[in-house]
1. Which aspartates and glutamates, if any, have their Cα less than 19 Å from the Cα of Lys56, not counting same-chain residues under 8 positions apart?
2. What accessible surface, in Å², does a 1.4 Å probe find on Lys66, ignoring ligands, DNA and RNA and rounding to the nearest 10?
3. Rounded to the nearest whole Å², what accessible area per residue is found for the range 550-696 with the 1.4 Å probe?
4. Could you tell me what a quarter of the Cα convex hull surface of the range 178-337 works out to, in nm² with one decimal place?
5. If ligands, DNA and RNA are left out, what is the accessible area of Ser666 with a 1.4 Å probe, given in Å² to the nearest 10?
6. Along the Cα→Cβ direction, 7 angstrom out, place labels at His217 and Ser78. What is the inter-label distance in nm?
7. So if we plug the beta-carbon distance of Glu516 and Glu337 into 1/(1 + (r/R0)^6) with R0 = 35 Å, what FRET efficiency do we get, rounded to 0.05?
8. Sticking with the crude label model, points 7 Å out along Cα→Cβ, report the distance from His364 to Asp523 in nm, one decimal please.
Amino acid sequence: EPFVADEYIERLAWRTPGGGSRGGEAFDPKRLLEEFVNHIQELQVMDERIQRKVEKLEQQCQKEAKEFAKKVQELQKSNQVAFQHFQELDEHISYVATKVCHLGDQLEGVNTPRQRAVEAQKLMKYFNEFLDGELKSDVFTNSEKIKEAADIIQKLHLIAQELPFDRFSEVKSKIASKYHDLECQLIQEFTSAQRRGEISRMREVAAVLLHFKGYSHCVDVYIKQCQEGAFLRNDVFEDAAILCQRVNKQVGEVFSNPETVLAKLIQNIFEVKLQSYVKDQLEEHRKSDAEQYLKNLYDLYTRTTNLSSKLMEFNLGTDKQTFLSKLIKSIFISYLENYIEVEIGYLKTRSAMILQRYYDSKNHQKRSIGTGGIQDLKERIRQRTNLPLGPSIDTHGETFLSQEVVVNLLQETKQAFERCHRLSDPSDLPKNAFRIFSMLVEFLCTEHIDYALETGLAGIPSSDSKNANLYFLDVVHQANTIFHLFDKQFNDHLMPLISSSPKLSECLQKKKDIIEQMEVKLDMGIDRTLNCMIGQMKHILAAEQKKTDFKPEDENNVLIQYTNACVKVCGYVRKQVEKIRNSMDGKNVDTVLMELGVRFHRLIYEHLQQYSYSCMGGMLAICDVAEYRKCAKDFKIALVLQLFDTLHALCNLLVVAPDNLKQVCSGEQLANLDKNILHSFVQLRVDYRSARLARHFS
């Protein structure tokens, strides 16, 4: 620990008797001084002793440093000598190595011709045996030396190719026969080794056969045996993937060119197994069942491309993508060439059947729309002008729209889009998708929705019909729902197929045209339906409203709050408002309700102007209008409510005292109205002819 002088003195004083107040002992300064002096002397003696020891150690250290420096100098001299010896040795070794290399080159120059000569001598010896017609050498008779025999016969076969046929035809034939026999033996040996699972033996035989013409046959045998027992399940695609996975691990251990062998195996699987399987599956339904044919084609093509994706993991050479694409194309090209024609034909037949089955279930025979006949002309004139050109068609409340039919048509088209995406050539995809879309427009929009709109329009009664049933709003509601589904399929399934092609603008324009065409008919039908509603209100008012309602015989005995006509009209209007809200969505609800509200106001306004009003009758008219205004609140349209507020203010002119007429007319709600309108209401009062009232209003 660090030396602290104060603590050291404290401990020394504490240990000295009389140096502190320990145990009640008295403090003795002399004794403490004596102890300090003695201790200082001891410290001085200790310091001298340590100093002498330090000096001795320093002298010894200096001596050893001199000896170490001397030793280091000697070692440096020895190292320099050793380094010089090493350089001399290195130069000597380089010299010897140069001599050895030179000697080796000379020996090789002598030995190589000698080896060639020996090899040529052996080949001549074996050639002579073939020439004599008797093979005596052990290499040809011993089956265990088939590898050496193969090497010899392969060389002899090459030599025989150079010999003239007329002089050496017999020996060339013998060599060729032996070449063929050995080749067959090697292939048989390879086959046996493969069956036994001896990978090392297969590798040896394959290496020998590599220089023979029958090497490709060896590969074919390997590929054939690999497939034995590999396709036993129903799923040929899964079997093929498992087989290729297994062979991929083995082929590199057997052949020197594994990627070529594996590629050949895959080609064999595609061209034999898969092509046969695809043909069996498709030809069965090609002419008899278009639906099953298209489903099978889509499924088989998808599974084949999925298998191709799995095979992309393996090493198949430089351009495996193109290689696999060509194999897929070779299987399906005959089916894909006319795919879209089959698709369109099936879609047309299937869609027509779905629609016909629906109309048959309704016992409905489709009418011919827009044929240009007299009946059609009359019908169109009646629709646009409400002229009584003949009775309207009674649809018995049937809209002739079915969500089930729509879902079926959209489902068929969705599947067609999916097949089109998978089976069409990329360059033909937008064009094919447009053709499918055109089929959807024809059968869903034209044959189903448009027909229902036309039928609905024909079923709308004239505005003067009594107790007419209005079903066109149901048609609007269902058509709106259906078109949302149509629009969703357009965005979800068609747009991805055409988004980057010129067909996009064509599809959008076609969609826009069909929307505008439907909107025109919907607007026409809604307008005529509103006319019918107003017509029904007119019938109610005509039947229920009496002249005595507003000019009672007994002014003092009126017990009703509002007239019976008002009650029935308001009940009818509330039902129609609710029906409109349920049939439409978005801004269309407000637009139609505003139109109905304006027409409703105009009807009540004109209706009130048909009667004369006594004082109590005017009060009853105000009560009726107040009830109409309460009904108008259900519209939740500011303009409609404002119109009825103004009408309510006008009705006050029927009961206000003559002296207050000018004040009421200048009020906030009536100040901006034309004076003729105000005058027309004042004229409805039974007391209008009195000189006093006329004077006050003029």
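1. Answer for Lys56, where 19 Å is the Cα cut-off: Asp47, Glu48, Glu64, Glu67, listed by chain and number.
2. That residue has around 150 Å² of solvent-accessible surface.
3. That works out to 53 Å² per residue.
4. If I average the Cα hull's projected area over directions, I get 10.5 nm².
5. The value for Ser666 is about 80 Å².
6. Going from the His217 label point to the Ser78 one covers 7.7 nm.
7. Approximately 0.40, to the nearest 0.05.
8. About 2.6 nm, to one decimal.
The values are calculated or read from the model by the stated rules, or taken from the named source; none is laboratory data. Small disclaimer: the values here were computed from a predicted structure and weren't measured. Using ideal geometry, Cβ is built from the backbone for each residue, glycine included, and neighbour counts are taken over all protein chains shown. We work out accessible area using only protein heavy atoms, side chains counted, and drop any ligands, DNA or RNA first. Shrake-Rupley method; radii C 1.70, N 1.55, O 1.52, S 1.80 Å.
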